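Student: Before anything else, here's the structure in question.
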Amino acid sequence: MTLTRRDLMKAVAAVVVEQWAGSRHLAFGEDRLNIRRKVVLITCGGMRREDTFAADGLANIPHLHTDLLSRAAFYPVVRNSGVTSHYNTISSIFTGTWQRLDDWGKSRPASPTLFEFLRKLSRLKSEDTWLISSNKALTSQIGASAVRDFGPSYGANVIFPKQLLINAVVRAAAQGRAVKGTDRTAVQPELISMLNSDNYDGLGWSISGDASSLDTPTLGIMQQAIADLIRTSDPVTGDEFTFLVSTEVMRRFAPSFLTITFSDMEVAHFGSYSLHLAGIRTVDRLVFELSKLIQELPAYKDKTTLFVLPEFGRDLDGSTTNGFFNHRQNSDSTRLTWMLCLGDAIRKPQTIEDPIEQIDLFPTIARLFELNTFDLPGKPIPGMWL
Amino acid sequence: MIEKPLIAPESLDLSIRDAWRVQIARLPLSMQPALNQQVETWDNLFPFEQKRAAEFLHGLSSFQPDELATLTNPLHHLEQKMDLAHWKFSLASDSMTNASQLARSPYYSEWRLEVQRVFSAVETRARASAQFASTAGRLIIVVLPDALPIASIPGYKPWDSRAVEFRIDGDPHRIAELALNSSSGLPALIASQSAPCGPMASDSWLIDADAHLASLLESPQPAPTSLLQYAALKTFKDQFLSQVNTVPKDIEGTDQILAQMRHQDWSPWWPASLAGQDRLRSFVTEVFLSGNGALIFSNAFVQWAASEAIRRARPRLVVARFGLRARPKPFTGIAIFENQQRISALEDAYDPEGSAMDALILARYIWLSAQRYPEAQQTSCICIGESSRSVYFIAPEAKRPAWPSGIAARPEQIYNWMRNCLA
């Protein structure tokens with residue numbers, strides 16, 4: 001490969017910035033409170049209990065059911081009492097209050113997110129809180145609230161790897177270069193080119209507090225994840241790529257609070273039940289792999305609590321909202337879901353039948369990070385060492 | 001009470017339109033968009049919808065002001081609590097912006113119940129003065145073609161407690177051939193029963209994931225039908241999809257683009273089979289715009305179009321034929337809302353097992369959607385599994401197949417049963 005003068009300049013700049021970032025890391029690191037615990041929170045689109053933790057659904061979640069349930073605190077009755085859209089539900093989980101925002105992510109959450117509390121009160125660095133999302137219904141606005149004393153300067157790094165992948169494929173096609181699916185390497189230059197472009201707004205990314213460009217470490221993470229994706233022989237799905245980016249972030253930064261949202265099962269909106277179930281099976285596998293990785297990485301081993309929950313279910317068969325396609329019906333099929341917790345903070349593996357609400361996660365995770373004084377409607381969930 | 005005659009389903013002159021708008025304006029704000037839209041797009045409504053809207057408005061006009069105020073006060077109060085008057089709320093038509101604002105209101109569930117209560121009260125008044133209900137038999141035929149590997153139709157979930165499955169003794173294709181025969185088929189039977197109004201295309205619907213059903217219809221067809229074939233719609237669908245994919249990530253911008261698309265001239269892209277059928281073209285446009293996968297997967301189109309036809313036209317016959325979908329292509333499958341043939345150079349490869357699983361649940365959804373309406377009491381259903389060589393029947397007690405369980409039914413017997421269902 002010929003190295004042009006511009007490439008050379010870029011490489012030099014990268015080294016400089018990397019060194020600068022490293023020194024900044026040390027400088028701010030001194031000020032940081034001693035956070036030992038880590039939390040990984042995975043939300044995974046809409047899936048009905050009957051397609052997961054029910055007699056007919058267990059075949060779709062072999063890892064969750066067979067490998068993880070026996071080690072988990074399992075909450076079979078978790079209610080979403082808010083607006084059952086992606087942006088509102090995930091914002092509600094992050095803020096501990098039911099959010100009623102524009103569904104398409106035009107506005108920031110109306111109350112502070114856990115990211116902001118952690119960064120402001122526990123003085124976590126920007127690379128300590130991440131949201132890595134497959135879901136195209138979200139925007140970077142979700143990483144920080146509109147509350148004046150908080151806001152983007154205390155927000156999470158928010159990235160949408162799947163959107164990058166989709167945009168690269170769509171852009172290639174729009175420019176008359178149909179993608180040859182057998183040759184994955186053909187897409188790699190397209191992805192790298194998009195990463196190196198000047199503006200990420202179209203991807204909705206927010207890195208390190210609303211910056212408009214990717215910093216060098218983040219760019220490196222994305223490039224590594226792309227390289228892994230091109231090499232893997234697994235089926236390429238958006239969640240697969242989100243998973244790879246997440247693992248790369250864990251290896252490089254070991255954030256204290258990492259949130260991941262998977263969304264392959266949302267193909268249900270297009271009416272394919274078989275692909276919807278395939279999406280559930282993909283998430284089942286990825287969650288299992290992530291749980292293994294947590295035990296392999298020294299930065300995470302034995303000090304991490306993993307929360308896994310669907311955002312909501314899906315509508316009832318025969319509903320006016322067209323059943324599994326959608327998630328807007330006011331029914332238990334849509335509002336009731338489950339949650340699985342693994343790792344450091346659980347008292348013992350058990351099933352806790354008492355109903356809980358999704359907004360209970362905020363005070364629970366806040367207490368794991370020793371943040372206790374919040375006047376919020378949710379309450380810490382039982383079965384945890386808090 | 002307005003003095004002009006309200007029931008004029010054929011066409012709306014300006015004075016009737018204005019009179020109806022006055023009636024609609026008497027209702028709480030959140031009930032107005034849907035009714036205004038119906039008046040505005042009157043020519044695109046099916047006869048059933050026109051009749052229902054006209055009778056509803058006639059019923060509304062019979063409410064004295066104080067009587068209507070008593071009925072609607074709780075909804076007015078709810079709208080005040082929701083602060084609806086200060087929303088960006090279109091009164092002219094339903095919109096995504098309207099729906100989104102309503103759905104994220106804390107009062108949404110309460111609001112839905114109130115709207116339903118007011119609507120039911122007005123409709124009950126309207127029904128008291130109208131001759132409405134038809135007692136004619138109705139039939140849904142679902143075809144799961146050979147290409148779909150199906151072991152058992154109710155394998156996933158039984159559709160109905162009355163359902164019964166029989167083996168087919170003979171060629172399963174023969175059933176659809178008999179049903180659609182030009183002179184003795186079911187559309188012809190319905191046409192012969194339709195006096196004094198005359199036969200209407202909206203009484204018989206044929207909805208196909210491919211373009212197979214048309215080949216069973218002999219030409220010229222004596223009976224009018226509404227024929228929608230996904231394969232024949234491909235050129236239009238591709239054009240439409242490419243425009244849908246330009247919508248911004250902004251709900252108001254999306255509403256604007258969708259409104260433009262409704263009024264755009266798509267003439268060069270429509271199939272010849274829809275020439276001059278403005279109402280049916282409008283129906284397809286609405287099916288595509290209302291999502292639910294209709295622009296992406298042929299089987300989703302079949303299900304959603306059939307469900308919408310049942311809701312909007314209350315037909316006597318619906319024939320829904322499912323088909324195969326392609327596998328999402330390696331790598332590009334993530335951009336599933338894109339035109340995969342354009343985006344990937346790879347040949348399509350079909351997914352028979354996945355398609356069969358999709359078709360089974362979607363076939364059941366068609367049946368379930370019919371259960372929401374009063375006509376369900378007269379509706380029978382037959383699902384033909386060509387690969388399983390079985391048929392699955394659901395019928396009101398009086399029309400249940402008389403054959404002993406365990407026997408195999410011949411196509412001619414099944415055809416006679418279908419005719420009996422439509423009596």
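Student: Quick one: what pairs do we get from segment B:85-102, first residue acidic (D, E), second surrounded by 15 or more Cβ atoms within 10 Å (Cβ to Cβ), C-beta under 9 Å, 6+ apart or different chains?
Tutor: Here the result reads B:D94/B:P33; B:D94/B:A34; B:D94/B:Q37, each pair linking segment B:85-102 to a residue that is surrounded by 15 or more Cβ atoms within 10 Å (Cβ to Cβ).
Student: So if I check each of B:R316, B:R312, which one is within 21 Å of B:C383 (Cα to Cα), among the charged types (D, E, K, R) and more than 8 Å from chain A (Cβ to nearest Cβ)?
Tutor: B:R316
Student: Scan (1) surrounded by fewer than 18 Cβ atoms within 10 Å (Cβ to Cβ); (2) in contact with a helix residue (DSSP H, G or I) (Cβ under 6 Å, 6 or more places away or on another chain) for the single condition B:W111 breaks and write down its number.
Tutor: (1)
Student: Among the residues of segment A:255-276, write down those that are within 9 Å of another protein chain (Cβ to nearest Cβ) and aromatic (F, W, Y).
Tutor: A:F270, A:Y273
Student: Moving on. Can you name every residue in segment A:246-270 that is of a type in the set (G, A, S) and surrounded by fewer than 24 Cβ atoms within 10 Å (Cβ to Cβ)?
Tutor: A:A254
Student: Now for a different question. Would you pick out the residues in segment A:294-353 that are more than 14 Å from every other protein chain (Cβ to nearest Cβ), assigned to a loop (DSSP other than H, G, I, E, B) and small (G, A, S)? Give the steps one after another, and end with the answer.
Tutor: Within segment A:294-353, the first condition is being more than 14 Å from every other protein chain (Cβ to nearest Cβ), and the residues that meet it are A:294-311, A:313, A:336-353.
Those left that are additionally assigned to a loop (DSSP other than H, G, I, E, B): A:297-303, A:310-311, A:313, A:344-345, A:347-349, A:352-353.
Correct list: A:A299, A:G313, A:A345.
Student: All but one of (1) at pLDDT 90 or above; (2) away from chain A (no Cβ under 14 Å); (3) under 22 Å from B:M357 (Cβ atoms) hold for B:D169, so report the exception by its number.
Tutor: If we test B:D169 against (1) at pLDDT 90 or above; (2) away from chain A (no Cβ under 14 Å); (3) under 22 Å from B:M357 (Cβ atoms), just (3) comes out false.
Student: Looking only at segment A:37-68, which residues are more than 16 Å from A:G313 (Cβ to Cβ) and under 21 Å from the mean Cα position of the chain (by Cα)?
Tutor: A:R37, A:K38, A:V39, A:V40, A:L41, A:I42, A:H63, A:L68
Student: At least 1 residues that are within 30 Å of B:I153 (Cβ to Cβ) and among the small types (G, A, S) in each: list the helices (runs of 4 or more DSSP H) lying fully within segment B:52-142 that qualify.
Tutor: Here the list is empty.
Student: Within segment B:332-367, how many residues turn out to be crowded, with 18+ Cβ neighbours inside 10 Å and assigned to a helix (DSSP H, G or I)?
Tutor: Qualifying residue count for the region: 19.
Student: Determine if segment B:224-236 includes at least one residue that is more than 17 Å from B:A275 (Cα to Cα) and out of contact with any Lys or Arg (no Cβ under 7 Å at 6 or more places or on another chain).
Tutor: For segment B:224-236, residues more than 17 Å from B:A275 (Cα to Cα) and out of contact with any Lys or Arg (no Cβ under 7 Å at 6 or more places or on another chain): absent.
Student: Suppose the filter is surrounded by fewer than 16 Cβ atoms within 10 Å (Cβ to Cβ) and either over 21 Å from B:V302 (Cα atoms) or out of contact with any His (no Cβ under 6 Å at 6 or more places or on another chain) (or both); does B:S242 pass it?
Tutor: So B:S242 fits the description; yes.
Student: Scan segment B:386-408 and tell me whether some residue there is within 14 Å of chain A (Cβ to nearest Cβ), out of contact with any Lys or Arg (no Cβ under 8 Å at 6 or more places or on another chain) and either within 26 Å of A:A278 (Cα to Cα) or at pLDDT 95 or above (or both).
Tutor: As a first pass, look at segment B:386-408 and keep what is within 14 Å of chain A (Cβ to nearest Cβ): B:394.
Filter once more, so that each one left must be out of contact with any Lys or Arg (no Cβ under 8 Å at 6 or more places or on another chain): none.
Within segment B:386-408, none of the residues are within 14 Å of chain A (Cβ to nearest Cβ), out of contact with any Lys or Arg (no Cβ under 8 Å at 6 or more places or on another chain) and either within 26 Å of A:A278 (Cα to Cα) or at pLDDT 95 or above (or both).
Student: Tally time: how many residues in segment B:380-401 are over 24 Å from the mean Cα position of the chain (by Cα) and under 17 Å from B:L139 (Cα atoms)?
Tutor: 5
Student: Now a separate question. If I ask for residues that are closer than 22 Å to B:W304 by Cβ and surrounded by fewer than 21 Cβ atoms within 10 Å (Cβ to Cβ), which ones from segment A:271-323 would you list?
Tutor: A:S274, A:A278, A:L316, A:D317, A:G318, A:T320, A:T321
Residues are listed down the side, and each one gets a yes or a no for (1) touching a Lys or Arg at 6+ places or on another chain (Cβ under 9 Å); (2) of a type in the set (S, T, N, Q); (3) surrounded by fewer than 21 Cβ atoms within 10 Å (Cβ to Cβ):
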residue: A:I42; (1), (2), (3): no, no, no
residue: A:M47; (1), (2), (3): yes, no, no
residue: A:D51; (1), (2), (3): yes, no, no
residue: A:L64; (1), (2), (3): no, no, no
residue: A:S70; (1), (2), (3): no, yes, yes
residue: A:F74; (1), (2), (3): no, no, no
residue: A:F115; (1), (2), (3): no, no, no
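Student: Identify, please: which residue in segment A:58-111 is more than 30 Å from B:R104 (Cα to Cα) and without any contact (Cβ under 8 Å) to a residue 60 or more places away in the chain and is, among those, farthest from the other protein chains (Cβ to nearest Cβ)?
Tutor: A:T66
The values are calculated or read from the model by the stated rules, or taken from the named source; none is laboratory data. All of these numbers come straight from a predicted model, not from anything done at the bench. So basically every Cβ, Gly included, is an ideal-geometry build from the backbone, and we count neighbours across all protein chains shown.
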